[in-house]
Amino acid sequence: MTTFYDEVQELRARYPEGSRSAVLPALRLAQERHGWLSREALEETADALEVTPAFCYSIATFYDMLHLEPVGRHTIDVCTNLPCALCGAQEVVEAFESELGIRAGETTPDGEVTLRAVECLGGCGYATVVAVNDRYRQHVRPETVPEILGELDGGT
Amino acid sequence: MAEHKVLLAGTDERDLTQLAEYRAIGGYRGVDKARAMTPDALIEELQQANLRGRGGAGFPMGRKASLIDRKSPKPKYLVVNADESEPGAFKDREVMAKAPHRLIEGCLIAAHAIESTDVFIYIRGEYLAEYEILAAAVEEAREAGLFGDVRITVHRGAGAYICGEETALLESLEGKRGQPRPRPPFPPIQGLYMAPTQINNVCTIATVPAILELGAEEFAKTGVPSSPGTAIFSISGNVVQPGNYELDLGTPMRELIYEHAGGIAGGRELKAVIPGGSSVPALTPDQIDVPLDYDSLGAIGTFFGAASLIVVDDRCCMVQLAIRSTKFYAHESCGKCTPCRVGTRWMVQILESIENGTATHADLELLDSVGDNILGKVLCALGEFAVYPVASYLHKWRDEFVAHIEQGGCPFGNSSSLDGILAPSDMHAHTPAGEEALV
Amino acid sequence: MSTELVRVTIDERDVHVPKGTGIVETALAAGVEIPVFCYEPRLGAPVGACRMCLVEVEGMPKLQTGCTLTAQDGMVVKTARTSEKAAGGERATLEFILVNHPLDCPVCDKGGECPLQDLTFRYGPGNTRMSFDKLTFEKPIPISPTISLDRERCILCYRCTRFSESVSEDGQLVAANRGALSVITTFEDLPYTGAFTGNVTELCPVGALLPTQYRFEGRPWEIVEVPTVCGLCPVGCNIHATVREGKVKRILSRNHPEIDEGWICDKGRFAYTHLRAEDRLAQPLQRLRRHGLEQVSWEQAIDEAERLFRAARGRIVTVLSGSETVEQAYALGKLLRVGLDSHQATLPEEISGGLDAYRLPLSSIRSADVVVVLGDVPVAERAPVVDLWIRSARRNGARILDDANDPAVAEAERVVLIWSGPGGRGSTTVAKLAEKLGLAEREGCGAFYLPETPNGRGVADAWAACCDEEGGPIDSIGLLVVSGDEAAADENVRALAEQAEATIVLSMFGGLSAGWADLVLPGTSYLERDGTFVNLEGRLQRLRRTVTPPCPDELEWIAELAARFDVDVAPYAAAVFAEVSERVYGGLAFGEVGERAPLRGYPEAQEHVAREALPEPRGKPRRRSEVRLVAYKPLFSGAAVERVTELQFQRPQPELELSPEDAQRRKIATGDLVTVGSNGSAITLPARVNRHLRAGIARVALEHANGLQGIVELAKAEEVTA
Ligand SMILES: Cc1cc2nc3c(=O)[nH]c(=O)nc-3n(C[C@H](O)[C@H](O)[C@H](O)COP(=O)(O)O)c2cc1C
Ligand code: SF4
Ligand code: FES
């Protein structure tokens, strides 16, 4: 099997020599492997990209999809920006909160699910939009929340 | 008037994500036509078509191509802006999901015009399904030998609205923090990797094949003279049938809202329309008899923007609307330039004091003045995007703001449709330093 | 930038400047100040972040940032002085910057020398309209033992991070987060480490990044800035010593565009506290019977010195450090050579005038097409600022090579050679090379040797010039005169002392001379001396006494002793220099050396003293198991650094650097224990694979080398123990 280092070299090859363009793909790859961007993950990525861990950290903290704290095995991102908000996104958030017994921004004690409110996901016409493990669920309403949670493998 | 599908033509009848299906309706013929022309002739054609950028600024696509420093010894780049993150906008996404090859064909044509062999499509990280469809389509077209010496790389963002701003996008694509660059130098002279670069929105590029099919002259006759062609309008909020509708530019806004989108949901009253995505000045119900095109909307003091209408009914508190909108722009501010970084946070604080009834009349003037101090002083328009809508709410619904102050709180009680709405910035920041900063 | 002149109008004043000149500079030329925070040309292209410099430009609807504009012909610019619109922009920006800025100016070390304070005073609002919670952060936090960060004061101009990314290129100090939550930080709160970190404390336009040593040490109106030159390495960066109540409180850069461009290293900036080291000597020490060293009066010490000198006339050997001033070396030489017929002296390295024909200002490295760096000692360890010039050359597109035979060298127009040890024979070696390449007459070409001593050249010239006689060889050492801390710390010198009948040590620190000296005369620091130094460019520079030493200046007692041997030595630098100058510097007057000294030519290269230079590690490894071990003297080492607690974190890790090739061949990964050894002695250290190291070379800091040098066996530790 190819090592992380090799895969990153493969990513670097897609961009001009000496550019740092591979940093986002590489960080995403590291996050897939470690679940989140731990100190080790960032150091590993920095080494493969021949940059400093500080540089990787600086980049990672700029982008919302890169996690600098552990997240659950599943992530549930509820859009609460205007269009969804106008169509009841708050009730959807609260439905997830009560079903999971956590507040938005938290992870269930068993480390299974992380619930977050997020900015516009670009599905405004199909409110409320919820990204379940980065896959969009549209027209989500409080009633559909239990079903969504049920579908999570080994769901809570 | 019915929809007029150009970018989405054929998507109802066929699965245009398949190369064969797309070719069956004449797909990729434009590439051959284009390659039979000299770059200069092609650029001339594009300029004639007067296709205006769909990303917001409305700058003519052909003009932009003509500005590319093609004599430069450096490689030329074409970059497609697929970062679509403006609240209310979801049109680029539909093009990529339903007609990816039309976008790719547009890329190949535009690349030929600016003599580029390197194309990057920067797609927002959240669009996972769309990324997979587009990447597969690129692969299929490449294997079919349609690319010639052109290379198309689909590059995923990772969650930052600012990366839709063209120079921030370039920085992000170069592997840096997505912070805008000072201009000049402009991308056509010094863009990606310091080389001449053409940047266009997904819908702009996906319209290019139609220009070659119809010919610039014919194309220029569609839509309205000042803005030819069609646009995919995203309409969302309190309407019966929200969604995307591809219409000729110049279609009346009332028609879109009341015919295509079926009017206001639940028999409520129309209160406001934010016509270009959440970043533009809102319109009052008496302002919606306006043609949907760049100049007409400009004439009534708002913007065409991302052709994305957010329809707001009478249950909504305008102060809460302002808070939620400003929290978004504050959260997305890149932190590079002072007025945007500091001003947006300050605006949130002022608005919240108005909402919770601790503000005075002077705070309304302060809100206005803080906005003025951001306008025209920022490095990129994000800071202004925070101000435009809020300024319009404050002026057009001033009574509502005043009522908050005089009643010492929200006149809607808890009945506003946005009551208690949570924003990501209410949750957490990345570092402990950040968390403390929240208190 | 072209040389074509263009006309620009600023606030109704016309100026003519070269096309492309920055508008901030153009305005200055017109006598108009455009206030800036983030703008700092030494950090590369402008970023237009702070928005302090907003101006109105005719024909442009929006306000523009002056810092990102360049002069075009006919451009009409209105600053806040003449444009209400621009003034509005200026007020707006200043208010925004102050919205979250804490009002702790009274306890801020930047207070009184703070650009934000000054601009607020001049153009700022009198009151604040911010009635809500300001951003708060934990403060101040140490980003290293030498630098404190106050995030509440930070205005996010990104000067510090741009320095880290594109000047020192260490990539350690970065911005994290977005928007209002943006902060400056290091990775995982690790200390900001490296040769140049302290520069960010001078770049920071507010009190966010401050030198911890200076915390609460002085207010601007209580201090004086004394211009002098750093004496800790051969670059000779121009510095200011911040002095309060007779104490050095801080070292600042003093931009000499040809030498340092305003960057100085952390040793030069933070090591000054060695002046107050615990074992600093003020009184002479004399060995009384066999009791060991005891304090004696200066009279007694001088008498004793006179006695030892007389006893050893003609048989005195002097070990120089190369850190003496030209004047000290000359005076001492005159006393010993003219007065006591003792001519033999040694320096830690060979000094030759061989490179005089290839002189260039350091700044010209930046415009080279090819820079050849020879030798395996990291440049930053020997002559830190030279490393920055090489980096900026690379950023300008120069190729940096390690082999003078590379075809690119022959093809290139502007070639610069740099020798970076090991061994003391550099100057001759490079001179030969430079001659072979015919660099002598070629525009922009030149060669540098990075010596181990800060003033070896000056000392050698002075010693050679102070007497016309020449002494023959001597059979035994009657008296060994050890001059300076470097010599006193040198193992070989102590060994030499064994053979001497008596030893006099001139040193700042008791710790160095205890045990083996018969007489110890307290020495002074470069910060306490008046005189001259010659740097690695061959540039003669002026040292100033920034504070009075706790002991008499060397020249005073040398002069007194000299008198006892009927030798005429003046007790002050100006007069001594006049004498040296007659013989070496073409009669240049002390006063003419200059605050920012130019690079002058020498009339005539002198004949030089030299100790048998350290053997240059020759020969390529023969067996595959062998490598050449380079044990280098780290930047952060030496008598001064050892006495500064805050700098200990900067000292090199005990580790052995390997090339990827040598590592792979032995299946060694970073972190693995490796053993290197030759005939008997061996050391075992963790390995670090360094992509930039040549195959066949292994590198270790001298203090971890345990005396090993040259060809050694290298193996993974297990294999050896197994
Ligand atoms: C804050 C900000 C966000 C933007 N976001 C987008 C975006 O998501 N998609 C887009 O196409 N253009 C966006 N733009 C506009 C781009 O900067 C640029 O004008 C556009 O991509 C040019 O393409 P066009 O000429 O085809 O419209 C944004 C601009 C700003 C200031
Ligand atoms: S710490 Fe100082 S230099 Fe760095 S960004 Fe903040 S204000 Fe600028
Ligand atoms: S000095 Fe011009 S923007 Fe900072």
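Scanning the stretch B:138-187 for residues that are in contact with an Asp or Glu (Cβ under 7 Å, 6 or more places away or on another chain), closer than 24 Å to C:Met60 by Cβ and more than 11 Å from ligand 1 (Cβ to nearest atom) yields B:Gln179, B:Arg181. Of all the residues in the stretch A:1-46, those that are among the acidic types (Asp, Glu) and open to solvent by less than 80 Å² (accessible area, probe 1.4 Å) number 4.
Counted as qualifying within the stretch C:124-203 are the strands (runs of 3 or more DSSP E) with 3 or more residues that are within 12 Å of chain B (Cβ to nearest Cβ), namely C:174-176, C:183-185. Out of B:Leu249, B:Leu212, B:Leu192, one residue alone is more than 20 Å from the chain's Cα centre (by Cα), in contact (Cβ under 8 Å) with a residue 24 or more places away in the chain and within 15 Å of ligand 1 (Cβ to nearest atom). It is B:Leu192.
The strands (runs of 3 or more DSSP E) found entirely in the stretch B:223-300 that carry 3 or more residues being over 19 Å from B:Leu418 (Cα atoms) and touching a Lys or Arg at 6+ places or on another chain (Cβ under 8 Å) are B:230-237. Listed by position, the strands (runs of 3 or more DSSP E) inside the stretch A:82-156 whose residues that are at pLDDT 95 or above and within 7 Å of chain B (Cβ to nearest Cβ) number at least 3 are A:113-118. C:Glu225 satisfies every condition listed in (1) within 12 Å of chain B (Cβ to nearest Cβ); (2) charged (D, E, K, R); (3) in contact with a His (Cβ under 8 Å, 6 or more places away or on another chain) except (1). If you go through the stretch C:179-202 and keep only what is open to solvent by less than 20 Å² (accessible area, probe 1.4 Å), away from ligand 2 (no atom under 14 Å from the Cβ) and closer than 19 Å to A:Leu42 by Cα, you end up with just C:Phe187. Residues of the stretch A:50-81 that are facing chain B (nearest Cβ under 8 Å), of a type in the set (S, T, N, Q) and touching a residue at least 24 places away in the same chain (Cβ under 8 Å): A:Thr80, A:Asn81. For the stretch C:9-105, the strands (runs of 3 or more DSSP E) that sit wholly inside it and include 3 or more residues that are within 14 Å of another protein chain (Cβ to nearest Cβ) are C:54-57.
Among the candidates C:Arg219, C:Arg276, the residue that is among the charged types (D, E, K, R) and closer than 24 Å to C:Gln117 by Cβ is uniquely C:Arg219.
Among the residues of the stretch B:389-408, those that are over 20 Å from A:Ala85 (Cβ atoms), more than 27 Å from the chain's Cα centre (by Cα) and not aliphatic (A, V, I, L, M) comprise B:Arg398, B:Asp399, B:Glu406, B:Gln407, B:Gly408.
Quick check: anything in the stretch A:55-75 part of a helix (DSSP H, G or I), open to solvent by 30 Å² or more (accessible area, probe 1.4 Å) and in contact with a Phe, Trp or Tyr (Cβ under 7 Å, 6 or more places away or on another chain)? Looking for residues that are part of a helix (DSSP H, G or I), open to solvent by 30 Å² or more (accessible area, probe 1.4 Å) and in contact with a Phe, Trp or Tyr (Cβ under 7 Å, 6 or more places away or on another chain), one finds at least one in the stretch A:55-75, hence yes. Hey, among the residues in the stretch C:204-226 that are part of a helix (DSSP H, G or I) and either within 16 Å of ligand 2 (Cβ to nearest atom) or touching a residue at least 60 places away in the same chain (Cβ under 8 Å) (or both), which one's least open to solvent (accessible area, probe 1.4 Å)? Checked the stretch C:204-226; the qualifying residue least open to solvent (accessible area, probe 1.4 Å) is C:Tyr214. If the condition is being open to solvent by less than 10 Å² (accessible area, probe 1.4 Å), within 9 Å of another protein chain (Cβ to nearest Cβ) and among the hydrophobic types (A, V, I, L, M, F, W, C), then the stretch B:295-333 contributes B:Ile310, B:Val311, B:Val312, B:Cys316, B:Leu321, B:Phe328. No other residue among A:Ala117, A:Ala41, A:Ala89 is of a type in the set (A, V, I, L, M) and over 17 Å from B:Pro424 (Cβ atoms) apart from A:Ala41. A residue that is at pLDDT 95 or above, open to solvent by less than 10 Å² (accessible area, probe 1.4 Å) and either within 23 Å of C:Val379 (Cα to Cα) or part of a helix (DSSP H, G or I) (or both) cannot be found anywhere in the stretch C:430-442.
Against the test of being touching a strand residue (DSSP E or B) at 6+ places or on another chain (Cβ under 9 Å) and farther than 30 Å from C:Leu360 by Cβ, the options C:Leu536, C:Leu527, C:Leu521 yield a single qualifying residue, C:Leu521. The strands (runs of 3 or more DSSP E) found entirely in the stretch C:629-695 that carry 3 or more residues being surrounded by 21 or more Cβ atoms within 10 Å (Cβ to Cβ) and out of contact with any Asp or Glu (no Cβ under 8 Å at 6 or more places or on another chain) are C:656-658.
Look through the stretch B:378-398, keep the residues that are within 11 Å of ligand 1 (Cβ to nearest atom) and surrounded by fewer than 21 Cβ atoms within 10 Å (Cβ to Cβ), and return whichever of them is nearest to B:Ile354 (Cα to Cα). Residue satisfying both the conditions and the ranking: B:Glu384.
Only one of the numbered conditions (1) in contact (Cβ under 8 Å) with a residue 60 or more places away in the chain; (2) within 14 Å of chain A (Cβ to nearest Cβ) is violated by B:Pro100, and that is (2).
The values are calculated or read from the model by the stated rules, or taken from the named source; none is laboratory data. Everything numeric in this text was worked out from a predicted model, so none of it was measured. We place every Cβ from the backbone using ideal geometry, glycine too, and count neighbours over all the protein chains shown. With ligands, DNA and RNA removed, areas are computed over all heavy atoms of the protein, side chains included. Shrake-Rupley method; radii C 1.70, N 1.55, O 1.52, S 1.80 Å.
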